[in-house]
Amino acid sequence: MDSSQAVPSGAPDDRPAVPAQRSDQDAYLRVRDLRVRFDTSDGVVRAVDGVSFAVERGRTLGIVGESGSGKSVTSLAILGLHDPRRTTITGEISVEGQQLVGLPDEEVRRLRGRNMAMIFQDPLSALHPYYTVGRQIAEAYRVHHPKANRREARQRAVDMLDRVGIPQPARRFDQYPHEFSGGMRQRAMIAMSLVNDPALLIADEPTTALDVTVQAQILDLLADLQAEFHSAIILITHDLGVVGQVADDVLVMYGGRAVERGSVEQVLRSPQHPYTWGLLSSVPSLHGDADADLLPIPGNPPSLINLPSGCAFHPRCRYADRVGSRSRSEVPELRPAGVDGDAGADGHLVACHLSVEERTAFYTEDVASVGVAR
Amino acid sequence: MARFLLKRLFSATLTLFAVSVLTFLMFFALPRDPVSSICSKNCNPERLERVRDDLGLNDPLISQYAGYMKGIVTGRDLGSAQGGRCDAPCLGWSYVTNEAVSDTIARVLPVTLSIVIPAAILWLLLGVGLGMISALRRGTWLDRAAIGFSLTGASLQLYFVGAVLLMVFVYNLRLLPVPSYTSLFENPAKWASGLVLAWVALAFLFSAIYARLSRAQMLETLSEDFVRTARAKGLAKPTVYGRHALRAAITPVVTIAGLDVGGALGGTVITETTFGIQGLGRTAVDAVRSGDLPTIMATVLIAAVFVVLANVLVDLLYAAIDPRVRLR
């Protein structure tokens, strides 16, 4: 592939320029130009508007953004969990080479929980309060292993509870979610999602509802399990610190679109989008200067029904004036950021009207000097 | 679980005790003298006094109450004027009907049970079923039809629905006999054909509330995270809705059902009157009209027993459905 080109040769001409990531073709999950729309009484919500990415087995993609950026909608679309009567999904979602968009729900259902599984934010509400934890895990196993009897499913569930580090798993099997602590509950949730050895695991804010001390344990556990099962992981979070800990690649979303994408080193070391700068400077650093100012992003996330014209971020962007009216009239394409030497080959992409030189200058002057990244 | 059950039964017993005391006091607080209703107008003061003595009305209140309760538990001797020996559960003697109150109750209670229990099964199945369907088919014509049905049911009165049913099925189409009560054990077919209109009328009116309640509950539950988890596991829709969503949505329905069934067992006055069937409800109303105090007291007590038992049952069902309740 000619790395200096903005439009890779594989992409059809009528599609917006969306460069593919390395080894795109072998990736376990490939998402291309995904668009998710909801019809509501207030209008059409464009929750995801042309997002592309790929995740290989053994790698972790962090999807970052504020609430309403479309990151959770993306993950639910991959699992096919939207109400088909009110949702329109277009684009390509392929898992193991199989295109899921447009597939009958019954066939997607067979993949859910077996090939791809999900961990939710709040394990207390995500587990059924009236069934024992073990029964819920065994149920997930039996639905995809119809020949397994009750005893085998129980044994499998106990093994999984043991594997995710729950002490006395055989006793814990018969307890209810409310008898578990928050961290143990999320471990049980992870056990449930991994009970069928899925190759793709989507974790939607898996540590947000947990104590800080437990968060690191859960992230470690996910990394361990990934090494063991060689699974592809999508980690959805608003916390760039979490991404830095466990992700290999990062996708930053804003207003349903991808605004920056690259490896974790690229995006965290030399972030290119002003929105990413904002996300980085909103996080207090443990390693940096404790007195460093935080630079919160002004304003609120945009309405997905009535997205700002042009660059959706322009009303909150300090540099919108630098590109004149283009910020309001033209949607910036996601294209090679042009930093770090060989532009494009590194796969560092950004959707911003500013030139590389401008971005580098603004970042060095305004962000790196005050924020955490210094 | 055993401890939970014991606790609930203990508090139920306390409630029943309180109800019996209140009813007993009410019995005497009523502006009606039980004695004057027993011996008719040509009562001289001496005779009044004798009857009063016979009835034990000159004894202190507490010993009267103790006697009444003893009669319920072990039976007692009421004296020759009131039919002599009265076996447990003795509820006293009615001078209006000239029989032991327990005999009256034994005759009319099966009637009310035969009306209410099948009707309750019908209205629960119909109501919860409709609610489920309209929640799962939200916004479709099926949903609107179910809402329309339940709105109609909620707006109508039993005597109207009953009269229409009687007119159509009994008098015009002649598909059913005039409603009457036959013992289930004597002739099940006749039992059912004599009561089916009462069941349908009650079920139509009650299921309306249940359809709306379970629809709302189901919609709320369907948006719960654990339902999404169930789907994310790859469970088929019937399992997701039946095993995961319904179990969580049904709890408030159980509460209302307990209160409704318990209340209805205490007497379905309007139903019994509309269909001309003598059950507990009509017996209670008749007793009030004729000032038949022992019968009034007995029907009130029985209604209270049903309500209290229904509540205990609801508690037990709650604990069976929701494991978190057992801890309390």
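The values are calculated or read from the model by the stated rules, or taken from the named source; none is laboratory data. Predicted, not measured: the structure shown is a model, and the values here were computed from it. Because the Cβ atoms are built from the backbone with ideal geometry, glycine has one as well, and the counts that use them run over all protein chains shown.
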Quickly run through the stretch B:53-99 and pick out the residues that are charged (D, E, K, R), outside any helix (DSSP H, G or I) and over 27 Å from B:GLY267 (Cβ atoms).
B:ASP59, B:ASP77, B:ARG85
Scan the stretch A:87-121 residue by residue and report those that are of a type in the set (Asp, Glu) and surrounded by 18 or more Cβ atoms within 10 Å (Cβ to Cβ).
none
Do you know which of the residues in the stretch A:98-114 that are at the interface with chain B (Cβ under 9 Å from one of its Cβ atoms) and over 22 Å from the mean Cα position of the chain (by Cα) is nearest to A:PRO206 (Cα to Cα)?
A:ARG110
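Rundown of residues vs (1) part of a helix (DSSP H, G or I); (2) more than 18 Å from B:THR229 (Cβ to Cβ); (3) touching an Asp or Glu at 6+ places or on another chain (Cβ under 9 Å), yes/no style:
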position	(1), (2), (3)
A:ARG135	yes, no, yes
A:PRO146	no, yes, no
A:GLN155	yes, yes, no
A:ASP162	yes, yes, no
Kindly establish whether B:VAL269 is more than 14 Å from chain A (Cβ to nearest Cβ), buried (at least 20 other Cβ atoms within 10 Å of the Cβ) and within 22 Å of the chain's Cα centre (by Cα).
no
Identify all residues within the stretch B:156-183 that are of a type in the set (A, V, I, L, M) and part of a loop (DSSP other than H, G, I, E, B); write none if there are none.
B:LEU156, B:LEU173, B:LEU175, B:LEU176, B:VAL178
Being surrounded by 19 or more Cβ atoms within 10 Å (Cβ to Cβ), at pLDDT below 90 and either not in a loop (DSSP other than H, G, I, E, B) or not assigned by TED's automatic domain parsing to the domain that holds B:THR274 (or both) narrows it down to one of B:SER150, B:SER102, B:SER134, B:SER114, so name that one.
B:SER150
Which residues, counting only those in the stretch B:1-27, are surrounded by 14 or more Cβ atoms within 10 Å (Cβ to Cβ) and at pLDDT below 80?
B:PHE27
Checking the condition among the hydrophobic types (A, V, I, L, M, F, W, C) and at the interface with chain B (Cβ under 9 Å from one of its Cβ atoms), which residue from A:ALA170, A:ALA117 passes?
A:ALA117
When you go through (1) without any contact (Cβ under 8 Å) to a residue 40 or more places away in the chain; (2) over 30 Å from B:LEU14 (Cα atoms) one by one for B:VAL285, which number turns out not to apply?
(2)
Among what's in the stretch A:122-134 and is more than 7 Å from every other protein chain (Cβ to nearest Cβ) and farther than 13 Å from B:LEU235 by Cβ, pick the residue that is surrounded by the fewest Cβ atoms within 10 Å (Cβ to Cβ).
A:LEU124
